[in-house]
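The values are calculated or read from the model by the stated rules, or taken from the named source; none is laboratory data. Model, not experiment: these values are computed from the prediction. FYI the Cβ positions are ideal-geometry reconstructions off the backbone, even for glycines, and counts take in every protein chain you see.
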Amino acid sequence: MASAKIKVPETAKKGEVIEIKTSITHDMESGQRKDANDKPIPRRIINTFTCKYNGTEVFRMDLHPAVSANPYISFFVVATETGKIEMFWNDDNGEIYTAASSITVS
Amino acid sequence: MVKPESGLNRRQAMVAMGGAACVGVLPNLAWATPAEAEAAVKALIGSTATTEGRVQLKLPQIAENGATVQLRVLVDSPMTAADHVKAIHILAEGNPLPGVASFHFTARSGKADVSTRIRLGKTQNVHAVAVMSNGSVWRAKEEVKVTVGGC
């Protein structure tokens with residue numbers, strides 16, 4: 001269901017504040033809607049987004065049904081060391097979608 | 001995004017139509033109220049006193065499509081271990097549920113500056129509440145006129 005895109009700089013200077021942009025395809029079904037037969041459509045959203053830098057959480061977002069479909073999130077982190085920046089999107093159904101990028105810090 | 005004055009009547013008509021469409025599709029939909037939004041703020045931050053300021057909430061004055069409204073929120077802070085923004089909470093007082101999103105930062109976030117896209121069911125105030133590492137709480141609000149609700 002979900003396909004993620006992330007934009008992370010490949011290189012940075014130590015201490016530089018870098019921007020990370022992410023988006024993921026997801027309906028973000030709010031749980032407020034009804035189908036053609038007037039039956040409530042169950043809620044299914046991405047409820048948490050986490051960014052980890054070499055395993056340490058550096059940014060987290062709690063999402064509620066009022067976040068638009070195909071959630072777009074941009075934020076900043078400090079480039080502290082060479083390594084891996086990972087993103088995690090937690091779906092209401094228990095699935096976790098991931099994306100990762102390597103960064104070289106000089 | 002601001003239309004010329006001549007578009008006003010059409011816009012007002014569309015607001016009316018949008019409202020009618022929402023009610024038609026969702027006859028039992030209950031909107032939150034400003035009081036419920038304040039209760040949600042209290043649930044997030046406790047009884048801490050809040051001060052207007054330091055938070056910049058950037059939203060369009062008029063959102064033609066309430067299903068996707070650009071939101072940017074930033075708080076001026078050195079973002080050091082001793083002095084940083086811990087969290088920013090976004091609440092919409094006129095949506096079915098007031099909670100929109102919460103952003104959690106550390107000193108390693110570098111900047112408390114985030115952008116996302118949100119849903120707004122109707123014209124309403126959106127609130128941003130920022131919790132600092134020293135425990136102080138700052139807030140801002142912006143009104144968004146929604147042409148077609150994204151409920």
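Does B:THR147 satisfy the criteria of being within 28 Å of A:ASP27 (Cα to Cα), within 12 Å of chain A (Cβ to nearest Cβ) and in a strand (DSSP E or B)?
Spelling it out, it is not the case that B:THR147 is within 28 Å of A:ASP27 (Cα to Cα), within 12 Å of chain A (Cβ to nearest Cβ) and in a strand (DSSP E or B).
Take the stretch A:25-44 and flag every residue that is in contact with a Ser or Thr (Cβ under 7 Å, 6 or more places away or on another chain) and within 30 Å of A:SER101 (Cβ to Cβ).
Listed by number, the residues that qualify are A:THR25, A:MET28.
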In the stretch A:80-103, is there at least one residue being touching a Cys at 6+ places or on another chain (Cβ under 7 Å), among the aliphatic types (A, V, I, L, M) and either surrounded by fewer than 16 Cβ atoms within 10 Å (Cβ to Cβ) or at the interface with another protein chain (Cβ under 7 Å from one of its Cβ atoms) (or both)? no
One residue is enough: does the stretch B:95-102 have a residue meeting the conditions more than 10 Å from chain A (Cβ to nearest Cβ) and at negative phi? no
If a residue has to be within 10 Å of chain B (Cβ to nearest Cβ) and loosely packed, with under 15 Cβ neighbours inside 10 Å to count, how many in the stretch A:18-30 make the cut? 1
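So that you can scan it fast, the table gives a plain yes or no per residue for (1) farther than 13 Å from B:VAL55 by Cα; (2) touching a strand residue (DSSP E or B) at 6+ places or on another chain (Cβ under 8 Å):
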{"position": "B:PRO96", "(1), (2)": "yes, no"}
{"position": "B:SER109", "(1), (2)": "yes, yes"}
{"position": "B:VAL114", "(1), (2)": "no, yes"}
{"position": "B:MET132", "(1), (2)": "no, yes"}
{"position": "B:ALA140", "(1), (2)": "no, yes"}
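If I filter the stretch B:93-105 down to residues being out of contact with any helix residue (DSSP H, G or I) (no Cβ under 7 Å at 6 or more places or on another chain) and modelled with pLDDT under 95, which single residue comes out as farthest from B:THR80 (Cα to Cα)?
Step by step, filter the stretch B:93-105, then rank; the result is B:PRO96.
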Pick from the stretch B:103-144, criterion closer than 22 Å to B:ALA39 by Cα, surrounded by 19 or more Cβ atoms within 10 Å (Cβ to Cβ) and of a type in the set (Val, Ile, Thr), ranking: nearest to the other protein chains (Cβ to nearest Cβ): B:ILE118
Every residue from the stretch A:31-45 that is on the phi < 0 side of the Ramachandran plot and either loosely packed, with under 13 Cβ neighbours inside 10 Å or aliphatic (A, V, I, L, M) (or both): A:ASP35, A:ALA36, A:ASN37, A:LYS39, A:PRO40, A:ILE41, A:PRO42, A:ILE45
On the basis of being farther than 20 Å from A:VAL77 by Cα and facing another protein chain (nearest Cβ under 8 Å), does A:ARG43 make the cut? no
Return the residues of the stretch B:60-89 that are away from chain A (no Cβ under 13 Å) and surrounded by 13 or more Cβ atoms within 10 Å (Cβ to Cβ); say none if nothing qualifies. B:PRO60, B:ILE62, B:GLU64, B:ASP76
